[in-house]
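What follows draws every value from the coordinates through simple rules; no lab data is involved. Keep in mind that this is a model prediction, so the values were computed, not measured. Cβ placement follows ideal geometry from the backbone for every residue including glycine, while neighbour counts extend to all protein chains displayed.
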Amino acid sequence: MLRTPIPTAPAADTVACTHSDTTARFFRALSDPTRLKLLEFILGGERTSAECVEHAGISQPRVSVHLSCLSDCGYVIARREGRKLRYSVGDPRVADLVMLARSLAADNASALGCCPRIPADGAS
């Protein structure tokens, strides 16, 4: 009796993302208001995680999760200095992107405020 092999899915690290998938993920990392707030803070210059905690006004573990996401996605770079981590912008184009997004959001504030498909509280 001949058996047909069962196809297996490729390993996660070998599956290529489509351009649209990658771009959507790129923006999804910025869709959280706390991550965006932290990123904008870091755009002002290198920041320690303690400074980020103070600025965000949330617990250190939650800030660490958000900073890890920003770092994993390439928005910021973490640099260890003794026991401290210092965060800086990984690519200067990020500042341009944030400024453009703010400008577009301001120009479309009325439409964004009325959009029934995107919750106002940032939840997805």
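Ranked by the mean number of other Cβ atoms within 10 Å per residue, highest first, peptides 76-89, 31-44 order as 31-44, 76-89. Counted by Cβ distance under 13 Å from residue 56, the other residues give a net charge of 0, where Lys and Arg count +1 and Asp and Glu count -1.
Charge tally around residue 66: other residues with Cβ under 12 Å, Lys/Arg +1 each, Asp/Glu -1 each, net +1.
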